[in-house]
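Student: The structure that follows is given in the form of C-alpha cells.
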Amino acid sequence: MRAVSLKLALVLAIALGLSGAPGAKDSPVTSAKGPSFVNIGPMTVGPNDILFVGDSQDVSVYALELGKFAAGATPGTKNVAGLDQQIAMLLGTDAASITITDVTVQPKSHNTFVSVMRGQGAAAKPALLRVDGAGKIENIPLDQLKYTKVKLPNPPGATTAWKLGQREFVVPNYPDRPATDDRLMNLFGTQTITDMAYSDGVLYVSGLSNEEFASKLRVIQYPFKTVDNGTSVEIWHTSHGQFETRSPIY
C-alpha cells in the first residue's frame, strides 16, 4: 500500500509540475577563460569533452571546455584508498579541511572527476581533480579552462522554512550556511542546485527557487542562449499528510 501511495504521489507531483508552462528568459550568458567559482558543486558530463559544473553559492552553471584535460594517461579509474587524504595532500592541507562536493565519470576515458572545496567559509577555494586508471590524481588548472556560464533565474533566499509534523524549523539553502548542532538540519545539503543531468542537447537542473512552489526543475538548451524559468514541482507526502512545495527534488 505504501508503494502504491508513493507512486500516486509521484504522478501527482508530475501532473502539478506540468500544469504551468515554463518560459524562456533573457539570461546573462558569459564566456571567458578561468572560471571563478564561489562554491564548486554538482557536476555532469556534456558533449565534446564539456563538463557542466554548478556553483551552489552563485546559483549558476558553467560549461567547462576540458580539452587536453578530459583524460589522463590511463583509461578507467583505479580505486584510491583514502582519497580524501590523497586529495588534501595534493592541495597542501589535511582531509578535515576539504569538502568533496561531487564526483562524475567521463564516459569516454572512464576517468573520474572530483569537485572539491578547500578550506571553510569565505576563505574556501575551489578545486577540480581527475583520477585515472592508474590511480593518479591530477589537479586540473581552472585558469586554463575556457567556459560559458549561465545564471539561474529566481534563486532561493538565504533560508527556507520547513514543517515536519508539529516541528517547524529553518533550513539554510546555501553552502555558507551557519554551523548547527541540529542533527536533523545537518541531513540537508545545499538546496540551490541539487543535481544536474545532460541528454540530447538539454541540461536538466534541479534545485530551489524563491517562488511559492520552490522546488524547481529547469531545462536549459546547450549551447547556452536562454534559461528556462523552470517547472514547479509540488509533492503530496502521504506520511506527513501535507504538500511539500519547498522540498527540492534530486
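Every number in this text was worked out from the coordinates using simple rules, so none of it is lab data. Small disclaimer: the values here were computed from a predicted structure and weren't measured. Here Cβ is always computed from backbone atoms with ideal geometry, including for glycine, and neighbour counts include all displayed protein chains.
Student: Using +1 at the Cβ of each Lys and Arg and -1 at the Cβ of each Asp and Glu in the range 78-218, identify which of Q85, P153, L203 lies farthest towards the dipole's positive end.
Tutor: L203
Student: What lysines could a cross-link reach from K68, if we take a straight Cα to Cα line under 18 Å and drop same-chain neighbours fewer than 8 places away?
Tutor: K33, K108, K136, K146
Student: Now a separate question. Taking the convex hull of the Cα atoms, report for the range 30-149 its projected area averaged over all directions, in nm². Please report the intermediate quantities before stating the final value.
Tutor: Values: hull surface 27.1 nm².
Dividing the Cα hull surface by four gives the mean projection, 6.8 nm².
Student: Kindly give the semi-axes, whole Å and largest first, of the ellipsoid equivalent to the range 203-250, taking each as the square root of 5 times a Cα gyration tensor eigenvalue.
Tutor: Output for the range 203-250: semi-axes of 25, 10, 6 Å.
Student: Working out 0.36 nm times the residue gap between E138 and T93, then minus their Cα-Cα distance, what length gain in nm do you get to one decimal? Don't skip to the end; give the middle numbers.
Tutor: Working: separation 45, 0.36 × 45 = 16.20 nm, distance 1.56 nm.
The span from E138 to T93 would gain 14.6 nm if fully extended.
Student: Taking the Cα centre as origin and putting +1 on Lys and Arg beta-carbons and -1 on Asp and Glu beta-carbons, what dipole magnitude results for the range 30-149, to the nearest 20 debye? Don't skip to the answer; put the middle values down first.
Tutor: Values: 10 positive and 10 negative charges, 49 e Å.
Value, rounded to 20: 240 debye.
Student: Still on this structure, I have one more. Excluding residues on the same chain fewer than 8 positions from K149, give the aspartates and glutamates whose Cα lies under 18 Å from its Cα.
Tutor: Cross-link targets: D26, D49, D55, D58, E65, D195, D228.
Student: Something else about it: Got a sec to turn the phi values of the range 46-61 into Karplus ³J(HN,Hα) couplings, 6.51 cos²θ - 1.76 cosθ + 1.60 with θ = phi - 60°, whole Hz, x for Gly and Pro?
Tutor: Once θ is set to phi - 60°, the couplings for the range 46-61 become x, x, 6, 6, 8, 10, 7, 9, x, 9, 6, 8, 7, 6, 9, 10 Hz.
Student: Identify all aspartates and glutamates with a Cα-Cα distance to K78 below 20 Å; exclude those on the same chain that are fewer than 8 residues away in sequence.
Tutor: Straight-distance partners of K78: D102, D132, E138.
Student: Taking R0 as 45 Å, what's the FRET efficiency between Q221 and Q166 from their Cβ-Cβ distance, rounded to 0.05? Each step should come with its number before you reach the end.
Tutor: Details: r = 44 Å, r/R0 = 0.98.
Computed FRET efficiency for Q221 and Q166 comes out at 0.55.
Student: Moving on to the next point. Could you work out the relative contact order of the range 30-149, using alpha carbon pairs under 8 angstrom and six or more residues apart, expressed as a whole percent? Show your work: numbers first, answer last.
Tutor: Numbers: 273 pairs, mean separation 38.7, N = 120.
That works out to 32 percent.
Student: Is any residue of the range 225-250 close enough, with backbone N under 12 Å, to a label point placed 7 angstrom from the Cα of E211 along the Cα-Cβ axis, and if so, which?
Tutor: 228-234
Student: Also, I was wondering about something else. Taking the beta-carbon count within 10 Å as an exposure proxy, list V205, V170, V59 from fewest neighbours to most.
Tutor: Working: V205 26, V170 11, V59 23.
The fewest-first ordering by Cβ neighbours comes to V170, V59, V205.
Student: Order by neighbour count: K146, K108, fewest other Cβ atoms within 10 Å first, most last. Please list the in-between numbers first.
Tutor: On the way: K146 14, K108 11.
Ranking K146, K108 by Cβ neighbours within 10 Å, fewest first, gives K108, K146.
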